[in-house]
1. Report the full-extension gain for the segment Ser332 to Arg494: residue separation times 0.36 nm, less the Cα-Cα distance, to one decimal in nm.
2. What net charge do the residues around Ala211 carry, taking every other residue with its C-beta under 11 Å from that of Ala211, with Lys and Arg at +1 and Asp and Glu at -1?
3. Quick one: putting +1 on the C-beta of Lys and Arg, -1 on the C-beta of Asp and Glu, what dipole do you get for the range 186-296 around its Cα centre, in Debye to the nearest 20?
4. Determine the shape class of the chain: with a ≥ b ≥ c the square roots of the Cα gyration tensor eigenvalues, call it rounded for a/c under 1.5, and otherwise prolate if a/b is greater than b/c, oblate otherwise.
5. Using unit Cβ charges (K, R positive; D, E negative) and no other charged atoms, how large, in debye to the nearest 20, is the dipole of the chain about its Cα centre?
6. Between beta-carbons, use under 15 Å as the cut-off and find the net charge around Asp13, counting Lys and Arg +1, Asp and Glu -1.
7. Assuming 1.567 mPa s and 4 °C, estimate D for the range 302-395 with Stokes-Einstein, Rh taken as the Kirkwood radius over Cα pairs, in µm²/s.
8. According to the square roots a ≥ b ≥ c of the eigenvalues of the Cα gyration tensor, what is the shape class of the range 277-459, taking rounded for a/c under 1.5, prolate for a/b larger than b/c otherwise, and oblate for the remainder?
Amino acid sequence: MSTVKFPALTLPDIADLRDRARAALRSVGADPVLGDLDAPGLPASTPITGEILFRVAESTPADAEAAIAQAAQAFTVWRSTPAPVRGALVGRLGELLTEHKSALADLVTIEVGKIGSEALGEVQEMIDVCQFAVGLSRQLYGKTIASERPGHRLMETWHPLGVVGVITAFNFPVAVWAWNTAVALVCGDTVVWKPSELTPLTAIACQALLARAAAEVGAPAEVSRLLLGGRDLGEVLVDDPRVALLSATGSVRMGREVGPRVARRFGRSLLELGGNNAAVVTPAADLDLAVRGIVFAAAGTAGQRCTTLRRLIAHRSVADTLVERIATAYRSLPVGDPFSSDTLVGPLIHETAYRSMVGALEQAAADGGEVLGGERHASPEACYYVSPALVRMPAQTAVVHDETFAPLLYVLTYDTLDEAIALNNAVPQGLSSAIFTTDVREAERFLAADGSDCGIANVNIGTSGAEIGGAFGGEKQTGGGRESGSDSWKAYMRRATNTVNYSSELPLAQGVQFG
Ligand code: NAD
């Protein structure tokens, strides 16, 4: 993949980005010690220029032990605090997030390179889930079940679980924290958060706002603890038996390491791992709508969403038209500074991401794929701006089965809907999927038990951009976890089945007689 002569990118100066980050942190009341570049500590970098902004204090494994102990202690108070009172903390957090929405979005753009509108959308997602959790705090219900015994009541009650360890990925540095934390807190759990080592500043800002909300409503500060650093800190959460639930978001590789380790100590895990999402476009599709949905899902966030569209499964009769229209749209997508209001595609997170895109494109070409786009834009050496790539593949080869975390869309063709569904389901991941069609039979077939095998299956909407009201997550190597809306809260609580005998007899279940 070559660097082609696009007009040179105009990028902000690192000094401006530092000022902007400092101002955002100050406005949310976070006052971290921002060390010089050569001071020890965790580097806080920006993919916008590929440079280090500051260094921040890095947590040690001993800090992680202490944080777990504090959260476990706070749990003894928090679990007995009435749920609607717990909701008041999350409600206040939601208000503070609303008040500081633009500062938080600035930090998301600086650390991850998301364009302004998507960064604001990510912060909005935090606000939405706080509102959801406040409502939930008055709706944590159990069932009453008909007992087979006279004078008996059978019911389920839901109790807080304990300390929830939350490990998050770089690409949704704040929303995934909020999905977990807002729900865990109203459920009566306390949280220890280990964000991606690539996004410490957004984490510091969110933690500051939660600490302020806790102080204002009189909740223990230790309901939420933050650990800044790499996977060694995550591993402390993985192995500590006081962490009742480990909610881990990231690559399949990470989940493969974490899942069995948590299971070995009989802990619970909630895994939200990689996706390899497909959209089927049938001859009955509204192609205008499909092209718009596909371009956003495949190129938005520079292809760095877990739900990014990575495979287009087009009916043979529409494939040429679709490829032509998507390629035309791709050529007009402005790539560059994510703070510029014209930009639609910001930078890749780092060199490794760029190298894996180059490697996947080379492999796809070697497999007979026809590559359109995917060029790197001329820019300083340490930052990576690419045009989205479209690759027409003769078949679904091994490279198509991998999640390449970049804007790379493989195009496959099909003749029958059965074939399209088989292609959709042929990869090891099972996060998101979509069908574009105006034919209700095709749509319903895609959503049926023998249709898409993914946790998310959409009709006439792309694979990305889920709302918080639904349960979010995927099957197979995506890990099986569900977070955010619907009844995902049950993952954060333990269920007790209670039988109450209010009679003066002692009948045994199943008619058993004993003496
Ligand atoms: P990553 O797996 O490199 O890191 C994710 C987090 O796990 C980081 O905080 C990291 O420090 C930690 N970690 C890594 N190895 C660990 C270990 N052995 N023990 C404990 N912690 C460990 O992922 P990334 O590059 O930050 O994010 C991109 C990946 O995340 C993609 O695969 C994407 O699809 C996935 N993702 C999934 C979802 C989802 O909801 N399914 C959401 C966002 C991102």
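1. On the way: separation 162, 0.36 × 162 = 58.32 nm, distance 5.13 nm.
This chain segment gains 53.2 nm when fully extended.
2. Details: positive: Arg212, Arg225; negative: Glu216, Glu222.
Counting the neighbours of Ala211, the net charge comes to 0.
3. Around 320 debye, computed over the range 186-296.
4. Values: a/c = 2.15, a/b = 1.26, b/c = 1.70.
In terms of gyration-tensor shape, oblate.
5. 1280
6. Numbers: positive: Arg18, Arg20, Arg22; negative: Asp16, Asp19, Glu51, Asp337.
Net of charged neighbours comes to -1.
7. Approximately 90 µm²/s, per Stokes-Einstein.
8. prolate
Any read-out appearing in this document is the output of simple, stated calculations on the displayed coordinates, not a laboratory observation. Remember, it's a predicted structure, so these values are computed and weren't measured experimentally. Neighbour counts run over all protein chains shown; Cβ positions are idealised from the backbone, glycine included.
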